[in-house]
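The values are calculated or read from the model by the stated rules, or taken from the named source; none is laboratory data. Keep in mind that what you see is a predicted model, and the values were worked out from it rather than measured. Backbone-built Cβ (ideal geometry, glycine too); neighbour counts: all protein chains shown. Ligands, DNA and RNA are excluded from the accessible area calculation, which covers all protein heavy atoms including side chains. Shrake-Rupley method; radii C 1.70, N 1.55, O 1.52, S 1.80 Å.
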Amino acid sequence: MSELFAPVAGFGVTFSTMFRKVTTEEYPEEKRPTQLRFHGRHQLNRHPDGLEKCVGCELCAWACPADAIFVEGADNDDESGQRFSPGERYGSVYQINYLRCIFCGLCIEACPTRALTMTNEYELADNNRADLIFTKDQLLAPLQPGMTPAPHPMVEGMDERDYYQGKVTGATTAQQDWVAEHEGKGETA
């Protein structure tokens, strides 16, 4: 008898699942929340006063197995008081090519300043290949209340270490005044 049913025994899984209710996700209309550790679109973070955390070290580009990240560092200009980051350098050009990115997270692990993180945003499809190369202005975190747009001097009396130890809690009035004074002169980017 077992020899009689042997050829159709492989269909057991098919028959057992054939009459189950199908779970359909209505994706564009109903979006399900992602898991907390989901690897989505990248974000370049800022310090509480608005300076960028990226110091242009290019370690994320070196760690990327898909060669999807391009970083070009530049020096901060202390003579004019214009700083983009508390370090000696900042990322003047930052691009991520999402046509190549495999969302592995190695760039996040390589970042020594926690400047680069991944958000839960996953809708990255586009019909134009050029629009899938995200630049620094698209990746940079938006300004939160209490932040001043870079470039501006660091908080007076603080150094780079103080920024990374979390001693800076927001933009000071001196920084806000400096930005307001230099805004009309075209010196800010």
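Listed values, structure above:
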read-out	value
Sparsely packed chymotrypsin sites (Phe, Trp or Tyr not before Pro) within segment 1-65, loop by DSSP, other Cβ within 10 Å at most 13	19, 38
Residue order for 59, 36 - accessible surface, 1.4 angstrom probe, largest first	36, 59
Residue 89 long-range amide H proximity, modeled H, under 5 Å	76
Crossing angle, helix 173-183 versus the chain [Cα axis fit, 0-90 degrees, rounded to tens]	90
³J(HN,Hα) computed for each position of segment 2-8 - Karplus, 6.51 cos²θ - 1.76 cosθ + 1.60, integer Hz, glycine/proline x	5, 5, 6, 8, 4, x, 9
Backbone HN-Hα couplings from phi across segment 39-49 [Karplus 6.51/-1.76/1.60, Hz, Gly and Pro as x]	9, x, 4, 6, 9, 8, 8, 10, 7, x, 8
Long-range amide H partners of residue 73 with built H, under 5 Å	92
Contour minus Cα-Cα distance for residue 78 and residue 24 (0.36 nm per residue)	13.7 nm
Within a Gaussian network of the chain (alpha carbon springs, distance under 10 Å), most fluctuating of 153, 142, 28	28
3J(HN,Hα) from dihedral phi, segment 110-125, Karplus parametrisation 6.51/-1.76/1.60, rounded to Hz, x for glycine, proline	7, 6, x, 10, 6, 6, 10, 9, 10, 8, 8, 6, 10, 8, 10, 5
Among 116, 143, 124: highest mean-square fluctuation, GNM of the chain, C-alpha pairs under 10 Å	124
DSSP-assigned coil residues among GluC sites (Glu not before Pro) in segment 1-64, each with at most 15 further Cβ atoms within 10 Å	25, 26, 29, 30
19 Å tail of the calculated P(r), segment 40-98, as % of Cα pairs	31
Helix-derived mean residue ellipticity, 222 nm - over the chain, DSSP H n ≥ 4, -39500 (n - 2.57), to 500	-4500 deg cm²/dmol
DSSP-loop trypsin sites (Lys or Arg not before Pro) across segment 37-114, with at most 14 other Cβ within 10 angstrom	37, 100, 114
Fluctuation leader among 16, 92, 80 - the chain, Gaussian network, Cα springs under 10 angstrom	16
Mean separation of Cα contacts under 8 Å (6+ apart) over length of the chain, as relative contact order %	26
Given charges at Cβ of Lys, Arg, Asp, Glu: the chain dipole, positive-most of 157, 108, 80	108
Percent RCO, i.e. relative contact order, over segment 62-155, from Cα pairs under 8 Å lying at least 6 residues apart	34
Extent along principal axes [Cα atoms of segment 1-138; Å; largest to smallest]	91, 33, 30
Charge dipole magnitude, Cβ of K and R +1, D and E -1 - segment 111-189, Cα centre, debye nearest 20	220
Solvent-accessible area, 1.4 Å probe, carbon plus sulfur percent, for the chain	52
